[in-house]
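Worksheet: the structure to be examined is printed underneath.
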Amino acid sequence: MSSTIRLLLASALAVQAGAATIKIESGPGGLVFSPNETKAAVGDVLEFHFVAGNHSVVQGDFDNACHPATTGGFYSGYLPALNGENPNVFSVTINSTEPVAFYCSQGKHCQDGMVGVINPTNAMSFATYAAAAKSATQNVAPPAVFGGTVGPAPKETSSTVSPSGTASPTTSVTPSTSTKPNGAGIISVSCGAIVAAVGFALFLA
Ligand SMILES: [Cu+2]
């Protein structure tokens, strides 16, 4: 097999293994993240959209609500959305399937329930973190953005914005199913990419 074919096949397969992008809205209709619970696989990208108000997202620890995680974690900084959605999103790549708690560091938003959990368990869930947050004495923001990237929203995800009516903060089970069409789309696209890559490689050979 020529190196050209190998290179093209490798890039096509890389697309096929492509991770899912999981969109989470900050501030739709109040002090909430939507969804406030969702599943994510290693390599998936959390894409936080700031749709209203002036919020942030910080990774926390389950045993110290509304405080930054003591190891690792992420912080978006504040991305105001006072005249419609902020053009930037905060993207975080998931590197473990352990539960991840996150909160908004603005005012008392964490105490007021603006929190969420990735890969929840019974003991580490939105409900348990929100309950702990209620009695937190402080809401702490890290000094600077870290653990992810702030940048313009990719076009493909902004075009799949779901109607605001479906972004209910009480839906905690549906997010995993909502990522399936994307995954199927990625696979079908990459199968096409492989065919195209092989065809192109043969054309070159
Ligand atoms: Cu907030």
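The values are calculated or read from the model by the stated rules, or taken from the named source; none is laboratory data. In this text the structure is predicted, and so the values were computed from the model without any measurement. FYI the Cβ positions are ideal-geometry reconstructions off the backbone, even for glycines, and counts take in every protein chain you see.
Here are a few things to note about the model shown:
- Test: residue in segment 37-44 that is outside any loop (DSSP other than H, G, I, E, B), within 11 Å of the ligand (Cβ to nearest atom), touching a residue at least 24 places away in the same chain (Cβ under 8 Å) and not acidic (Asp, Glu): no
- Selection count where residues are within 13 Å of the ligand (Cβ to nearest atom) and either on the phi < 0 side of the Ramachandran plot or at pLDDT below 95 (or both), scope segment 50-71: 8
- Top-ranked residue of segment 67-82 - restricted to ones that are touching a His at 6+ places or on another chain (Cβ under 9 Å) and within 12 Å of residue 141 (Cα to Cα), ranked as surrounded by the fewest Cβ atoms within 10 Å (Cβ to Cβ): 78
Okay, residues lined up against (1) touching a Phe, Trp or Tyr at 6+ places or on another chain (Cβ under 7 Å); (2) under 29 Å from residue 70 (Cα atoms); (3) at pLDDT 95 or above:
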site	(1), (2), (3)
108	no, yes, yes
122	no, yes, yes
135	no, yes, yes
145	yes, yes, yes
162	no, no, no
175	no, yes, no
179	no, no, no
196	no, no, no
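- Failed item, numbered, when residue 92 is tested on (1) in contact (Cβ under 8 Å) with a residue 60 or more places away in the chain; (2) β-branched (Val, Ile, Thr); (3) touching a Gly at 6+ places or on another chain (Cβ under 9 Å): (1)
- Matching entry among 139, 122, 86 (being of a type outside the set (Phe, Trp, Tyr), buried (at least 19 other Cβ atoms within 10 Å of the Cβ) and more than 11 Å from the ligand (Cβ to nearest atom)): 86
- Across segment 90-117, the qualifying residues are those that are within 9 Å of the ligand (Cβ to nearest atom) and in contact with a helix residue (DSSP H, G or I) (Cβ under 7 Å, 6 or more places away or on another chain), and the one among them that is farthest from residue 39 (Cα to Cα) is 110.
- Single residue of segment 47-65 satisfying the filter (of a type in the set (S, T, N, Q) and in a strand (DSSP E or B)) that is surrounded by the most Cβ atoms within 10 Å (Cβ to Cβ): 59
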